[in-house]
Amino acid sequence: MIQNDAQLHQSQEAAACLERSLALLKRDRAGIHPNRYVLMAEPILKDLRKIRQSIDEYVGAAARSHDDEGTAKVEEVQRNLN
């Protein structure tokens, strides 16, 4: 769990590193057996999701189930980012 801005920065750097790793893996995908590719990509994706969730919680972007209006706004922002 991220507790301060320094940890946020570290988490953002870690996410960027994982994203670069995925990009390199994707670049070499043609030479990798599909089953092996999944085995290599899966843990990276799992860690990336976990870090992104922690970042979202810290910055207040994580949707609360009891706040439908807020949830709709968060979802709209996320759609615009993609």
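Here, each number is a calculation from the coordinates, and none is a lab measurement. Since the structure is predicted, the reported quantities are computational estimates derived from the model, not experimental observations. A quick note on method: Cβ atoms are made from the backbone with ideal geometry, for glycine too, and the neighbour counts reach across all protein chains shown.
Taking the criterion of being surrounded by 12 or more Cβ atoms within 10 Å (Cβ to Cβ) and not aromatic (Phe, Trp, Tyr), the residues of region 31-47 that qualify are ILE32, MET40, ALA41, ILE44, LEU45, ASP47.
Looking only at residues that are assigned to a helix (DSSP H, G or I) and among the acidic types (Asp, Glu) in region 1-60, which one is farthest from the chain's Cα centre (by Cα)? Spell out how you get there, then give the answer.
Initial filter on region 1-60 (assigned to a helix (DSSP H, G or I)): 5-27, 29-31, 34-59.
Then keep just the ones that are among the acidic types (Asp, Glu); that gives 5, 13, 19, 42, 47, 56-57.
On the way: ASP5: 18, GLU13: 12, GLU19: 8, GLU42: 13, ASP47: 8, ASP56: 9, GLU57: 12 Å.
Step by step, filter region 1-60, then rank; the result is ASP5.
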